[in-house]
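Encoded as C-alpha cells, the structure appears first; notes follow it.
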Amino acid sequence: MYNLLLIEDEPLELKNMINIISKNFPEIRIYNISFDEKESLDIIREQIVDIIIISKPSYINILSYIEKNNFYKYTKSIVITSCKNTFQTTIDNNPYIFAYSPKTNNYSYIIKVLKQLILSKKNKNVEILIKNRINVELKKLNYNFNYNGTVYLSEVIYEIYKIRYQFDGSLEKNIYPIIARKYNKKVNTIYCNIKQATKIMLLDCPETIIVSYFNYSFFQNLK
C-alpha cells in the first residue's frame, strides 16, 4: 500500500482526482489532502507518504523545500498536474519529479503516470531486497563494508544478477565499466579495490566458514 498526499485547492478538481485514484488504484491509499503550502510541508516533513500529487502553482516552493532538506524518500515520487510553461525548465531535471503535465484535468494522463510510478516503486523494492540479500551473503564471509572494494563487489554482483542469463563472464568489459561510471572511477580502480577487499576478507574470515560456505573439501589461501 502506497500513501498518497494530494495537494489541491479546487473542490471539484479534488473530488474528481479522489474518485479517479480510488477507482483505479486499490494499492494507493489517499493518506492526506492538503489545501495550502504550510500544511503540505508539515506532512512532507514527516515522510509518511510515498507519492505526492501537486495540482497548484505552489509546487515550486514545495520542491525547493524537499531539495533543501534532502528528502531522498521522495526521489521520482512527485507528479505535477498543473505545470506552467514558464516553470518547465526549472523542473525538467529535478530528481524528485516523476512526471508533469500542463493540464489540471488530464485524468487519463494521471492514470497512466500513476501506473508507471507504482511499477517503478515495486521494481525499486525488489532491487532493495536483492541488494540486501547480496550484502547479507557478503557479511557471512566477513567482507568489511568500510572498504570501497566491498561496496563495489556488492554492486558487481547485482549487475551480474540483472543480466545473469546474458552474462558472458567478462567483468572488465561488461560489468566493471558500469560501476566505474557510477562512482566516477577508473575500471582498474574498481578491480583493484575489490581485489584488496577480498584479500582482507581472506585474512579475517575463518577458513572453516569459507570451506562451509562454498562447500569446499579444503581451502588453501595462496598469499
Sole miss for K84 among (1) modelled with pLDDT under 85; (2) open to solvent by 70 Å² or more (accessible area, probe 1.4 Å); (3) within 25 Å of N123 (Cα to Cα) is condition (3)
Going through the stretch 154-179 one residue at a time, which ones are open to solvent by less than 30 Å² (accessible area, probe 1.4 Å) and in contact (Cβ under 8 Å) with a residue 12 or more places away in the chain?
S154, E155, V156, Y158, E159, I175, Y176, I179
Which residue out of N148, N94 is closer than 30 Å to V211 by Cβ, surrounded by 13 or more Cβ atoms within 10 Å (Cβ to Cβ), under 22 Å from the mean Cα position of the chain (by Cα) and not hydrophobic (A, V, I, L, M, F, W, C)?
N148
Scope the stretch 14-50; condition in contact with a strand residue (DSSP E or B) (Cβ under 7 Å, 6 or more places away or on another chain), touching a residue at least 60 places away in the same chain (Cβ under 8 Å) and closer than 17 Å to Y109 by Cβ; matching residues
M17, I21, I28
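The rows are residues; the columns are (1) in contact with an Asp or Glu (Cβ under 8 Å, 6 or more places away or on another chain); (2) closer than 14 Å to L138 by Cβ; (3) not in a helix (DSSP H, G or I).
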site: I178; (1), (2), (3): yes, no, no
site: K182; (1), (2), (3): yes, no, no
site: T189; (1), (2), (3): no, no, no
site: T198; (1), (2), (3): no, yes, no
site: Y213; (1), (2), (3): no, yes, no
site: S217; (1), (2), (3): no, no, yes
Within the stretch 1-13, restricting attention to residues that are closer than 17 Å to S40 by Cα and either in contact with a Leu (Cβ under 6 Å, 6 or more places away or on another chain) or without any contact (Cβ under 8 Å) to a residue 24 or more places away in the chain (or both), which residue is most open to solvent (accessible area, probe 1.4 Å)?
P11
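The values are calculated or read from the model by the stated rules, or taken from the named source; none is laboratory data. All values derive from a computational prediction rather than experimental measurement. Neighbour counts are summed over all protein chains in view; Cβ atoms, including those assigned to glycine, are modelled from backbone coordinates with ideal geometry. Quick note on the areas: whole protein, heavy atoms, side chains included, nothing else; ligands and nucleic acids left out. Shrake-Rupley method; radii C 1.70, N 1.55, O 1.52, S 1.80 Å.
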